[in-house]
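K.L.:
This is the structure I want to talk about, given as structure tokens.
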Amino acid sequence: MRLLEQQRLQRIIELFDQLFFDSHKTRLIGGAKEPVYLPSKTADQPHRLLFRENYISSALHEVAHWCIAGPDRLLKEDFGYWYQPDGRLSVEQRQFESVEVKPQALEWMFSIACGQNFTISADNLGAAEAVDMGASETFKMAVVGQSTAWCQSAQIPSRAKCFIGALASAFGSGDPYDPQYYRQDLLN
């Protein structure tokens with residue numbers, strides 16, 4: 001990883017800690033083989049939000065899931081979400097995409113706020129040839145729709161709004177609430 005990327009990632013981790021450690025006792029931690037949220041088992045241990053390797057996109061994606069999770073889900077490993085690993089069948093992939101709309105929309109907004117490239121993820125690299133491994137057009141449209149809806153309303157989750165503001169301020173990016181950034185033709 002280039003030095004600049006390491007510095008950007010470190011700043012993202014610092015911002016998360018500054019914003020959420022005191023209020024939610026949660027740490028954002030890189031270097032994991034697989035991303036996972038681990039709630040604390042004791043009162044003196046923090047909750048841990050682990051992201052894959054040291055990828056900025058993984059950190060932003062896991063923070064997106066964390067920002068969406070309600071109080072009950074914050075007490076469950078990996079927020080208690082359903083997850084079918086790589087190699088999903090078509091019906092499983094559609095289910096995966098339906099629950100990934102909001103996290104990927106937030107990840108996109110976080111990416112804009114910190115100047116990171118965003119790539120929509122179908123997360124099904126080991127799928128059989130009969131299953132399209134890329135993100136479906138329906139999924140892309142849903143992520144675009146959710147992002148632009150959050151740009152145009154005050155309905156964005158409060159932790160996400162706080163994190164977007166901190167990222168935009170720290171990285172001096174453009175207005176992450178400008179709908180021009182959220183178009184289907186911009187998705188990889």
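The values are calculated or read from the model by the stated rules, or taken from the named source; none is laboratory data. Computed from a predicted model, the values in this text were never measured in an experiment. So basically every Cβ, Gly included, is an ideal-geometry build from the backbone, and we count neighbours across all protein chains shown.
K.L.:
Can you confirm whether Lys25 is at positive phi and not small (Gly, Ala, Ser)?
P.N.:
yes
K.L.:
Any chance you could count how many residues in the range 1-42 are hydrophobic (A, V, I, L, M, F, W, C) and exposed (fewer than 15 other Cβ atoms within 10 Å of the Cβ)?
P.N.:
4
K.L.:
Spot the failing condition for Asp123; the list is (1) at pLDDT below 75; (2) in the same structural domain as Asp22 (by TED's automatic domain parsing), and only one is missed.
P.N.:
All conditions are met except number (2).
K.L.:
Restricting to the range 160-188, and then to whatever is part of a loop (DSSP other than H, G, I, E, B) and of a type in the set (S, T, N, Q), can you tell me which residue is nearest to Arg11 (Cα to Cα)?
P.N.:
Applying the filter and picking the extreme gives Ser173.
K.L.:
Now for a different question. Among the listed residues Ser153, Ser173, which satisfies the condition of being more than 22 Å from Thr26 (Cβ to Cβ) and either in contact (Cβ under 8 Å) with a residue 60 or more places away in the chain or in the same structural domain as Leu60 (by TED's automatic domain parsing) (or both)?
P.N.:
One residue alone meets the criteria, Ser173.
K.L.:
Using the structure shown, decide if Leu74 is modelled with pLDDT of 95 or more, in a helix (DSSP H, G or I) and assigned by TED's automatic domain parsing to the domain that holds Phe139.
P.N.:
When the stated conditions are applied, Leu74 does not pass them.
Per-residue answers, yes or no, for (1) within 19 Å of Gln116 (Cβ to Cβ); (2) of a type outside the set (D, E, K, R):
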| site | (1), (2) |
| --- | --- |
| Arg8 | yes, no |
| Ile13 | yes, yes |
| Thr26 | no, yes |
| Ile29 | yes, yes |
| Val36 | no, yes |
| Pro39 | no, yes |
| Pro46 | no, yes |
| Leu49 | yes, yes |
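K.L.:
Okay, moving on. Considering only the range 37-52, state which residues are modelled with pLDDT under 95 and within 24 Å of Ile164 (Cβ to Cβ).
P.N.:
The one that is modelled with pLDDT under 95 and within 24 Å of Ile164 (Cβ to Cβ): Arg52.
K.L.:
Might you check whether a residue that is outside the structural domain of Gly115 (by TED's automatic domain parsing), over 17 Å from the mean Cα position of the chain (by Cα) and of a type in the set (Lys, Arg) occurs anywhere in the range 36-45?
P.N.:
Yes, the range 36-45 contains a residue that is outside the structural domain of Gly115 (by TED's automatic domain parsing), over 17 Å from the mean Cα position of the chain (by Cα) and of a type in the set (Lys, Arg).
K.L.:
Can you report the number of residues in the range 22-50 which are within 17 Å of Leu9 (Cα to Cα), aliphatic (A, V, I, L, M) and not in a strand (DSSP E or B)?
P.N.:
Of the residues in the range 22-50, 0 are within 17 Å of Leu9 (Cα to Cα), aliphatic (A, V, I, L, M) and not in a strand (DSSP E or B).
This table checks each residue for (1) of a type outside the set (Asp, Glu); (2) more than 21 Å from Ser158 (Cα to Cα); (3) in a loop (DSSP other than H, G, I, E, B); (4) at pLDDT below 95.
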residue	(1), (2), (3), (4)
His65	yes, no, no, no
Pro85	yes, yes, yes, yes
Gln93	yes, yes, no, yes
Trp108	yes, no, no, no
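K.L.:
Output the residue which, of all residues in the range 130-154 that are under 24 Å from Gln95 (Cβ atoms) and in a loop (DSSP other than H, G, I, E, B), is modelled with the lowest pLDDT.
P.N.:
Taking the candidates together, the pick is Ala130.
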